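The structure under discussion appears below in the form of structure tokens.
The values are calculated or read from the model by the stated rules, or taken from the named source; none is laboratory data. What you are looking at is a predicted structure, and each value in this text was computed from that prediction instead of being measured. In this analysis, Cβ positions are derived from the backbone assuming ideal geometry, glycine residues included, and neighbour counts consider all displayed protein chains.
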Amino acid sequence: MRAVQFDTYGGPEVLTVREVPDPVAGPFEVLVDLQAIGINHVDLDVRDGTSRFDITLPHTPGLEGAGIVAEVGPNVGSVKVGDRVALSYIKTCDQCEECLSGREMFCPRRGLLGEQIPGTYAERIVVPASLCIPIPDSVSFVDAAASIVTYGSSWHALTTRAQVRLGETVLIHSIGSGVGTAGLQIAKAAGAVVLGTVGSDEKISKALDAGADAVINHNTTDFVEFALDSTGGKGVDVVFDMVGGRAFSDSMKAMRPNARLVTIGAHGGEVVQFDVIEFFRRHITYISTHSQSRSELRQVFELLGRGVFDPHIHAVLPLSQAAEAHTMIASRSNFGKVLLDPTI
């Protein structure tokens, strides 16, 4: 089968499409013929060596995938050949206290697809059957693969952790990203007013068309003044940040007392200035989050099937154009999700 791998860290040019042996499902495992593969910014960090994950080279990246079960190994009863499934990207022991309590993302023996273990940039993949999330008939493979990280992590961050409520105002940094567009829909479904920041004027109209109430280009407009002006000087109730850097440091100035700052990434700067005085005087709650449970993913896919969410797809490229997909993500030219199609 074909897989995208890299033998050394570097830019998109290190990604190579090559023939590798077909995987075989073992006990408690299934073989999935992938139909769509999601691209995430962390894939770029894995490729260039800045992810802080222990990678064994050569390596196949990729967290997200959706496809058809082609083979089931011994002791598998929950999944059958022909099932349409999306893959949770957290491989766990399924036996420890965290796994048994539904918090498997904290399993001490967890490994992430495309990070510590081979990922989804391939035509086929073997995973534990427990990672398989059923895809509703009304949801395409592309939409399914596009939703695992974006809607899964946004749902956990905004619904489970920040508990966004009806009538609140939410500021989403990088609202044009895959996670940002998903967070927009989740916050609007909760009844919130949604403000957003983007990096180009072109994305402002796209974000407004997607349902945002007000959007600015953070390169030309100060987002703190924007947030205060939009709320009559009160500040926002929730900030959803996947940028880090200055966006993280200055967000507290845009927040009302008792507001919540939930962060899910830091591609704009991992080490930040933090004003502790501003933090405790304003009674800010800082919430960190990384991923979601399989139970939360099932909720997301149920809502996808009902048409509550509609993923924004920027581009779907052939598997052979993985390097081009990484370049597109790095340039931040995308609005919504970029995916690979391993069937072409």
Fill in the blank from the handout: Only unsatisfied item for residue 271, checking (1) β-branched (Val, Ile, Thr); (2) over 25 Å from residue 52 (Cβ atoms); (3) without any contact (Cβ under 8 Å) to a residue 12 or more places away in the chain, is (2)
Handout entry: Criterion: buried (at least 24 other Cβ atoms within 10 Å of the Cβ), over 26 Å from residue 31 (Cβ atoms) and touching a strand residue (DSSP E or B) at 6+ places or on another chain (Cβ under 6 Å) - qualifying residue of 178, 119
Key = 178
Practice task
Those residues that are buried (at least 20 other Cβ atoms within 10 Å of the Cβ) and in a loop (DSSP other than H, G, I, E, B), I need them from segment 80-103; list them, please.
Solution key: 88, 89, 92
Handout entry: Out of 160, 181, sole residue that is within 18 Å of the chain's Cα centre (by Cα) and closer than 21 Å to residue 313 by Cβ
Key = 181
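From the list 239, 139, which residue is over 16 Å from the mean Cα position of the chain (by Cα), among the aliphatic types (A, V, I, L, M) and under 30 Å from residue 73 (Cα atoms)?
139
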Practice task
Tell me which residues, restricted to segment 313-327, are within 18 Å of residue 17 (Cα to Cα) and buried (at least 17 other Cβ atoms within 10 Å of the Cβ).
Solution key: 316, 317, 319, 321, 322, 323, 325, 326
Exercise for the section: Evaluate the following for residue 192: is it surrounded by 21 or more Cβ atoms within 10 Å (Cβ to Cβ) and either on the phi < 0 side of the Ramachandran plot or not assigned by TED's automatic domain parsing to the domain that holds residue 337 (or both)? Expected result: yes
Practice task
Would you mind stating whether residue 106 is out of contact with any Leu (no Cβ under 7 Å at 6 or more places or on another chain), of a type in the set (Phe, Trp, Tyr), within 20 Å of residue 54 (Cβ to Cβ) and surrounded by fewer than 24 Cβ atoms within 10 Å (Cβ to Cβ)?
Solution key: yes
